[in-house]
1. Could you list, ordered by first residue, the pairs with Cβ atoms under 8 Å in which the first is in the range 369-389 and within 17 Å of ALA352 (Cα to Cα) and the second is of a type in the set (Asp, Glu) and open to solvent by less than 40 Å² (accessible area, probe 1.4 Å), at least 6 apart or interchain?
2. Identify all residues within the range 232-276 that are within 16 Å of ligand 1 (Cβ to nearest atom) and either surrounded by fewer than 13 Cβ atoms within 10 Å (Cβ to Cβ) or free of Cβ contacts under 8 Å to residues at least 40 places away in the same chain (or both); write none if there are none.
3. How about the range 242-278: which of its residues are out of contact with any helix residue (DSSP H, G or I) (no Cβ under 8 Å at 6 or more places or on another chain), among the β-branched types (Val, Ile, Thr) and outside any strand (DSSP E or B)?
4. Just for the range 128-154: of the residues that are in a loop (DSSP other than H, G, I, E, B) and open to solvent by less than 40 Å² (accessible area, probe 1.4 Å), which one is nearest to GLU196 (Cα to Cα)?
5. Out of the residues in the range 55-94 that are within 14 Å of ligand 1 (Cβ to nearest atom), within 22 Å of the chain's Cα centre (by Cα) and open to solvent by 10 Å² or more (accessible area, probe 1.4 Å), state the one that is modelled with the lowest pLDDT.
6. Mind checking which residues of the range 107-140 are polar (S, T, N, Q) and within 16 Å of ligand 1 (Cβ to nearest atom)?
7. What helices (runs of 4 or more DSSP H), lying completely within the range 1-100, carry at least 3 residues that are without any contact (Cβ under 8 Å) to a residue 12 or more places away in the chain?
8. Criterion first (touching a His at 6+ places or on another chain (Cβ under 9 Å), modelled with pLDDT under 95 and at negative phi) does VAL267 satisfy it?
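The values are calculated or read from the model by the stated rules, or taken from the named source; none is laboratory data. All of these numbers come straight from a predicted model, not from anything done at the bench. Here the Cβ positions follow ideal geometry from the backbone for every residue, glycine too, while neighbour counts run over all protein chains shown. Side chains included, ligands, DNA and RNA excluded: accessible areas come from the protein's heavy atoms. Shrake-Rupley method; radii C 1.70, N 1.55, O 1.52, S 1.80 Å.
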Amino acid sequence: MQQLRTIILAAGKGTRMKSQTPKVLHHVCGRPLIDYVLDIAGAAGSLKTCVVLGHQIEKVKEHLSSDIEIVLQAQLLGTADAVRCAQKFFTDYDGDILLLCGDTPLLRRETVRNLIQRHRKTKADVTFLTAVVEDSRGYGRVIRDENGRAIAIREENDAAGIEKTIKEINVGVYCFRSRTLFTALTKVKKNSRKGEFYLTDVIEILTAEGRRVETAATPDAAEGRGVNTRVDLAVCHAMIRQRILEDVMLSGVTIVDPSTTHIDADVKIGQDTIIRPFTVIEHDVRVGGHCVIGPFARLRPGTRIKDFVEIGNFAEISRTVIGEKTLMKHFGFLGDARVGSAVNIGAGTVTANFDGHTKSETTILDGAFIGSDSVLVAPVKVGKKAMTGAGSVVTRGQVVPDGRIVVGVPARILEKKNDK
Ligand code: UD1
Ligand code: MG
């Protein structure tokens, strides 16, 4: 089995995003663009990934994990130059190289896997991904000979006459034999029109040397869509969101109204849970099975909801763990809370978890009953089967003992008859 390593090109300025944030760190469905591409590399079996960065390299570096190699392309001299910058990580390497761009989150894993499979089966020197599009403006066109073999990629600016009408384009995903790639790169000349070194020139160079050039086609041209503007970002968001919703539904979750439901990329939801309309579930959230969530619920990062839980309208839950069979059927806010099982959270319950400087935890043990409009000023602990009266304010540091009731502002323990 041939080894696989990946180079991700992401040195471009992303000028059209009009942003202080590097393009590849813009989010789609709760994840930065680059993470989608890194995932594809991992899923393809890549053992090492090198990212070529330029603009705002430090910010992107901060986000990337330490096992990823990072290389600076000091000047944006084109895609061939970008790949050349990564060469130092491949000096002793003789396997395949997968080449991806950092701004194409719609690419499917299967598409890339197919491309690699084809590359290996045909023992090609390079295999690149093509798509047929209605409007090929801005893309490199695939030039084929009379036998249908791909022999070159012609960039927009250099396409002449009939070449401009070609609808088969280069998506920008390649699998190369490492040695062949770096040798060919030394032969790429600066494009006189744009003053850049085009990676795509490598195809013509390899063809001329009698090397084997193959293509793999994607039936869905939208996969290759890169993010250049905020409009593209929204288009990608809509498409990825649809994929997530379909995956969640196919895994056994009912989504009553997909058109108003937003679920981020890495959310996990158990079987037989029902998500009602206008619900937002952000990244790093887990929901168990047999739950009912929404309508109009917002589950924020760090939230863990166990089985048979009901979360109703206008509930916002953040960095909170909720145990089995707990009910929060109406509006309220839980933040930094650990809630046990079979707890009832009354309408209007608020954990005051932030004092302007620090965030504190609220603990509510099994079987507790939090009365309507209770405010729990964290840190606070409500014991097992304890109760807070409607409108009570449980003040900072207070512990409601197991089985006891507190009422009022500030909340005081109701004395039991036999306490005296
Ligand atoms: C490129 C391809 C084109 C293809 C299209 C698909 C070339 C010459 N052309 O064109 O055939 O149809 O992608 O979207 O490759 N980058 C660097 N350093 C550079 C220049 C670019 O890292 O000096 C990175 C960019 O950040 C981007 C990727 O390479 O992630 C592609 O560059 P881009 O300028 O978008 O190339 P296109 O003109 O779109
Ligand atoms: Mg581009």
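1. ALA378/ASP336
2. Once the filter is applied, which keeps residues that are within 16 Å of ligand 1 (Cβ to nearest atom) and either surrounded by fewer than 13 Cβ atoms within 10 Å (Cβ to Cβ) or free of Cβ contacts under 8 Å to residues at least 40 places away in the same chain (or both), the range 232-276 yields ASP232, VAL235.
3. Answer for the range 242-278, where residues must be out of contact with any helix residue (DSSP H, G or I) (no Cβ under 8 Å at 6 or more places or on another chain), among the β-branched types (Val, Ile, Thr) and outside any strand (DSSP E or B): ILE244, VAL248, VAL253, VAL256, THR260, THR273.
4. Here the residue is GLY140.
5. So, considering only residues that are within 14 Å of ligand 1 (Cβ to nearest atom), within 22 Å of the chain's Cα centre (by Cα) and open to solvent by 10 Å² or more (accessible area, probe 1.4 Å), the one modelled with the lowest pLDDT is HIS55.
6. THR111, THR127, THR130, SER136
7. 57-63
8. No.
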